[in-house]
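Reading through the structure tokens given below for one structure.
Each value in this text was obtained by applying a stated rule to the coordinates, not by laboratory testing. Remember, it's a predicted structure, so these values are computed and weren't measured experimentally. FYI the Cβ positions are ideal-geometry reconstructions off the backbone, even for glycines, and counts take in every protein chain you see.
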Amino acid sequence: MVASSVLGFPRIGANREVKKAVEAYWAGKITADQLTQAAADVKKSNWTTVKAKGVDFVPSGEFSLYDHVLDHSAAFNVIPKRYVGLGLSPLDVYFAMGRGRQADGVDVPASEMKKWFDSNYHFVVPEFSDETDFKLNFNKAVEEYKEAKALGIETRPVVLGPVSFLVLGKASKEAKAGFQPISLLPKLLPVYKQLLADLKAAGAEWVQVDEPILVLDKAAEYAKEFTSAYTELAPVAPKILLTTYFGRLDSNVNFVAKLPVAGLHIDLDRAPGQLDQVLAAVKPTNIVLSLGVVSGRNIWKTDFQAALNLGQKAVDALGQDRVIIATSSSLLHTPVTLESEKKLTPEQKDWFSFATEKAAEVATLAKALSGSQDAAVSKALEENKTSIAKRREFEHTSDDAVRKRVAAITPEMLERKSPFAVRKEVQAKHLHLPKFPTTTIGSFPQTKEIRQARAKFTKGEITEQEYDDFLKKEIESVVRFQERIGLDLLVHGEPERNDMVQYFGEHLNGFVFTQNAWVQSYGSRYVRPPIIVSDVSRPGPITVKWSSYAQSVTKLPMKGMLTGPVTILNWSFPRADVSRELQSKQLALALRDEVIDLEKAGIQAIQVDEPAIREGLPLRRSDWDEYLKWAVDSFKLSTAGVTDALQTHSHFCYSDFDDIFPSIQRLDADVISIEASKSDMKLLNTFKQYGYSNQIGPGVYDIHSPRVPGEQEIKDRVAAMLAILPDSLLFINPDCGLKTRGWKETEGKPNVRRSATSSPPPAG
Ligand code: MET
């Protein structure tokens, strides 16, 4: 029999119960026990749902109140010193690590967050040093396994593997120079052994051990560590299913197939081409192969025929008992259920499959491959065939005009008229910005009032005129605030935007929106990505009205604010039938028109945010050039249609640019602002090393944390920046938009001009 499996289920609750409970706990409105209860309810519902869909391997242990890597760090006692001895409960230490804490005399910043591979999920980076004292503070995997068992549900616990845990982490500030987290493996393994042995004792037959770094080039460097780790763990553990996802194993399969594991999971959604190589490698072993054929990353209905073809190939090579049909990765990156969508047309609904529906898909596929004669299975196969055929038909009805426009893009359309040095002079005459210009990244607090007004407008409780008037008032007050605190380049605050991607999607052709399709981005922040379903075009100006209004109420220059093509693409669910490149270029052309319209309307600086450009980078280096070519071209296409006088800005956050620096340079934005408050100054050294010559605003404080930095802290940051970058190029700004912050924290924050430059900074 071919078995079915789900690698992980969304842990936010069908109605965002976890967010609500966690935030209520932070606000002191519910107790820790009530939070635990809310979590238990969601876990129960997840297990019951997956099981009810007929899945054989139901995951447990992957639930999280904030982040699964953070759970792991807390469980293994990987707790940086700054969070210890503050008199906090273990739960509050956990949250302090995730989001910082500033209350009752305690003032600690959040730990660094990083993108989880090429997804829009962020994990809290573990910090290691020689002094890391691993011990099992609690065994979450066992506890949740037992919790499910008590409900009568047998599960397969999920654990992050030891090599990925160390490699995803970083050396802490206290660590000696040259310290490598992987050197801790021998110290870490005994704790893993204990964890896994406890699981076995509790009755778990299998354990899913995630080693996602196996799809990266650098995994090859750790072949020895993988071998020693699994040789040591396998004898005491339940049967280990070693899981890889988001990419292909490539030659790493050579050592992976020799590991003493009982099963191996591969992602055939992202990398279907790896099946032959992996089959050849595992055939001579006893390893069970888990095939990730149902995408954990997109929302499209699985093409059963294509999945069955892959499955059949594996069954032919290994036999039914050595094949599992699975989701490609955890379903964490997909919304909970299509059932909550009441506004999609039946035609649209028929295209999609969310986590709950995907669980049913793996179960059906496994049964079909096992040769089931069940009428329900044949019916599901028939229905799938019809749906897929209808979708293919829809895809062919593309917008010809858009496709022709993309085909007619010329190299000249990607370049500004003059080089930066010339533009800088022209712009200086127009913008009159002082030395160390201060600005913000765009958004100001999305207050309850703003959200309420938007909800009323959406429900038709207020007229468009009333909503517009409300937004104008908001814009004006944000403008006045910026004038009051002395910022130089203003923004309108983005009150009209529900979200930086959704808003643009709603004003472009080719997108579909959901009501409840939330996915976790980090901690209690969830996003609701729009879905690109057909060719994209701009029916008319989108932001011009707001930016022009904002400019009309101030004499200071106003920065127009757009989300870039690559980011709109990466933070949407893309089409699966055409390339990402084509979708990105279509978006770029739409934005190009918007940028040109903004300039015509008198806006002198325009920021085109590309925070997701790094995230879209393929996981394998050999695939980078192709991506970077079209991604950078898309940005240039969207921004290069203006005169030299227009100052283009772009913004990136959570960006580690060391290895893609030439592409950042090639963007040729006049000013870029980057996240720099949490990462060390390494990033800036890269700019220096490459002789980056355009202007740059490294963030001076972390807006993702509610913590308000002191004035000295900001001064120190700026001084450190000036020690690296020439003062003529430096902008002063926070490291991201302020939309997630309240006004209290905001008022405490962007007084960066006063704090940064009140005493003369050292010469750069
Ligand atoms: N302009 C956007 C903002 O300020 C950029 C955000 S990047 C995640 O919110």
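Structural remarks
- Taking other residues whose beta carbon is less than 14 angstrom from the beta carbon of R480, and scoring Lys, Arg as +1 and Asp, Glu as -1, yields 0.
- Pairs of alpha carbons in the range 3-397 separated by more than 33 Å make up 31% of all such pairs.
- Debye-formula intensities of the chain, expressed as log10 I(q)/I(0) at q = 0.07, 0.11 Å⁻¹, are -0.50, -1.30 (one equal scatterer per alpha-carbon, no solvent).
- Ranking of E675, E415 by count of other Cβ atoms within 10 Å, fewest first: E415, E675
- Rounded, prolate or oblate (a/c below 1.5 giving rounded, otherwise prolate when a/b exceeds b/c) for the range 624-686 by Cα gyration tensor: oblate
- If you wrap the Cα atoms of the range 31-77 in a convex hull and average its projected area over all directions, you get 3.9 nm².
- Quotient of Cα Rg and 2.2 N^0.38 Å for the range 227-363, N being how many residues it contains: 1.14
- Farthest positive-ward along the chain dipole, Cα basis, beta-carbon charges - from S673, P235, V159: S673
- Remark on N137: its backbone amide H falls under 5 Å from those of F76, N77, a criterion applied only to residues 5 or more positions apart or on other chains, H modelled at 1.01 Å from N.
- Per-residue Karplus couplings for the range 157-164, computed as 6.51 cos²θ - 1.76 cosθ + 1.60 with θ equal to phi - 60°, are listed in order as x, 10, 9, 6, x, x, 6, 4 Hz, Gly and Pro entered as x.
- Computed packing ranks the peptides 587-600, 325-338, 200-213 as 325-338, 587-600, 200-213, most packed first, by mean other Cβ atoms within 10 Å.
- Sorting 138-145, 468-475 by average packing, meaning the other beta carbons within 10 Å per residue, from highest down gives 138-145, 468-475.
- Out-of-range pairs (alpha-carbon distance over 18 Å; input K429/K555; K19/K342; K349/K390): K19/K342
- Residue order for D198, D535, D658, fewest other beta carbons within 10 angstrom first, comes to D658, D198, D535.
- Cβ-defined net charge surrounding A576, 12 Å radius [Lys, Arg +1; Asp, Glu -1]: +3
- Placing +1 on the Cβ of every Lys and Arg and -1 on the Cβ of every Asp and Glu, with nothing else charged, gives the range 3-397 a dipole about its Cα centre of roughly 140 debye.
- Given +1 at the Cβ of Lys and Arg, -1 at the Cβ of Asp and Glu and no other charges, the dipole of the chain around its Cα centre is 500 debye to the nearest 20.
- Vicinal HN-Hα couplings computed from phi for the range 108-119 (Karplus, 6.51 cos²θ - 1.76 cosθ + 1.60; Hz; Gly/Pro x): 10, x, 6, 6, 5, 10, 9, 5, 7, 6, 9, 9
- Amide H to amide H distances under 5 Å link S4 with D56, F57, I325, where only residues 5 or more positions off or on other chains count and H is placed in the peptide plane.
- For the chain, the residue among A359, Q348, G486 whose Cα projects farthest onto the positive side of the dipole built from Cβ charges is G486.
- Listed from fewest to most Cβ neighbours within 10 Å, the set S705, S728 follows the order S728, S705.
- Sequence-distant residues sharing a close amide H with T563 (under 5 Å, placed H): D609
- Positive dipole terminus of the range 488-627, leading residue within L582, L508, P529 (C-beta point charges): P529
- Per-residue HN-Hα couplings for the range 172-180 [Karplus 6.51, -1.76, 1.60; θ = phi - 60°; Hz; x = Gly/Pro]: 6, 4, 6, 5, 5, 4, x, 5, 10
- Cβ-defined net charge surrounding S547, 11 Å radius [Lys, Arg +1; Asp, Glu -1]: -3
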